1. Can you work out the FRET efficiency for the pair Ser81 and Ala128, with r the C-beta to C-beta distance and R0 = 25 Å, to the nearest 0.05?
2. What does the charge add up to near His173, with Lys and Arg as +1, Asp and Glu as -1, over the other residues with Cβ less than 11 Å from its Cβ?
3. Using a simple spin-label model with points 7 Å from Cα along the Cα→Cβ vector, what separation in nm is obtained for Leu88 and Thr216?
4. Tell me, how many Å apart are the Cα centres for segment 238-286 and for segment 108-123?
5. Between Ser291 and Ser232, 0.36 nm times their residue separation minus their Cα-Cα distance comes to what?
6. How do the peptides 271-284, 108-121, 158-171 rank, highest first, by the average count of neighbouring beta carbon atoms within 10 Å per residue?
7. For segment 136-213, what is the charge dipole size about the Cα centre, in debye to the nearest 20, if Lys and Arg each add +1 at the Cβ and Asp and Glu each add -1 at the Cβ?
8. In nm, what is the difference between 0.36 nm times the number of residues separating Ala306 and Ala95 and their Cα-Cα distance?
Amino acid sequence: GDSDSLPFRGGAVSIPDPPKAGGDDRRDRLRRPHGEVLELGDGKCIRTLAGHGEEITSAVFSPDGGRLLTASKDGTAKTWSAESGDLLQTFEGHAGGVRFASFSPDGALVATASYDLTAKVWDSESGACLRTLTGHENMVHSAVFSPGASQVLTASRDATAKLWSTDSGECLHTFASHCEVDMLAAFSPAGDQVVVASDYRTATLWSTETGECFLTLNDHSASLKYASFSPSGDQVLTASRDGTVRLWCARTGALLHTLSGHMAMVNSAAFSPDGAMLLTASNDGKAKIWSALTGEWLRTLTGHVARVNSAVFAPFVPQVRAAEECLRSTARSRAARCKRAQLGARSTAPTWHTVVSS
């Protein structure tokens with residue numbers, strides 16, 4: 001179901017303290033009534049981002065790292081100061097929950113995807129809705145900007161991805177798949193191609209100019225959860241319910257590497273900003289770092305008490321952020337916590353924080 005891909009549950013984004021020696025860290029985490037942001041070194045509380053009324057469905061940093069953008073089933077998206085934790089803006093206007101939210105490359109715009117079958121474009125500073133993108137026939141899973149922010153790409157449960165003009169709201173192309181659900185669509189760095197990951201075990205590459213599919217990546221044994229381009233645009237990364245991640249040549253479709261090591265389905269896969277490393281997140285409760293050149297496993301990030309739904313490299317700094325859904329059976333939790341991993345030499349032990357919904 002849709003909850004399989006939700007990065008967060010709850011109405012706050014925060015960071016808990018690290019495990020205490022001799023203590024039951026899992027029990028301590030689940031007992032906390034709300035999220036707290038703490039430094040790993042001494043457990044000092046930094047900030048708590050609380051304000052959403054229902055589950056948080058996505059959370060991303062702004063391109064400059066100065067803001068955090070959250071989306072929630074309460075029908076809103078919010079921006080927060082990454083430095084102080086202050087609420088900066090609330091984006092209200094959807095008739096249903098907000099499934100996904102993203103910044104434009106310059107941080108000036110926000111795109112939201114909703115259960116109300118629409119996507120919206122907003123001014124990130126004023127919170128004004130600039131455009132409503134209407135045309136999907138089912139919930140919209142994701143909405144992302146092209147590199148120049150002139151276009152918005154959406155993916156929907158109606159088995160299509162659509163390319164829209166940011167200025168006019170006109171639908172420029174519809175990329176139709178052969179399955180029930182398109183999970184995610186992403187632009188290439190140049191903006192001339194898009195990749196669509198679907199429940200049909202395939203990823204398809206399309207031209208944004210012609211709207212034609214020119215390449216199909218098909219080697220997974222189960223449906224896909226995620227797909228993305230490398231920073232150079234010459235490779236595509238796919239993550240699957242079959243427990244593997246595959247690296248492909250974006251020009252020929254040749255399979256370059258198969259990353260095997262997770263014990264459950266892989267929910268996301270991302271390139272480092274320089275394209276040298278890969279980061280994967282899995283239902284086995286682990287995130288893993290790999291070499292993009294060789295496909296070799298480099299490091300496992302452990303400590304989560306449940307599945308890890310997403311992990312990404314933060315902009316401009318050698319960190320990763322991961323998210324997991326907590327095992328606690330609370331119906332309406334309002335806390336979520338973030339996890340970061342400090343990346344240095346392979347021999348250096350990483351410093352990491354945990355994202356928990358409790």
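1. Details: r = 20 Å, r/R0 = 0.79.
Efficiency, rounded to the nearest 0.05: 0.80.
2. On the way: positive: Lys162; negative: Glu170, Glu209, Glu212.
Computed value for this residue: -2.
3. About 4.3 nm, to one decimal.
4. Centre-to-centre (Cα) distance: 28 Å.
5. Result: 19.7 nm gained on full extension.
6. 108-121, 271-284, 158-171
7. On the way: 3 positive and 10 negative charges, 39 e Å.
It comes to approximately 180 debye.
8. In short, 72.8 nm is gained.
The values are calculated or read from the model by the stated rules, or taken from the named source; none is laboratory data. Please read these numbers as outputs of a predicted model, since none were measured by experiment. Every residue, glycine as well, gets a Cβ built from its backbone with ideal geometry; the counts of neighbours run over all protein chains shown. Heavy atoms of the whole protein, side chains included, go into the accessibility calculation; ligands, DNA and RNA do not. Shrake-Rupley method; radii C 1.70, N 1.55, O 1.52, S 1.80 Å.
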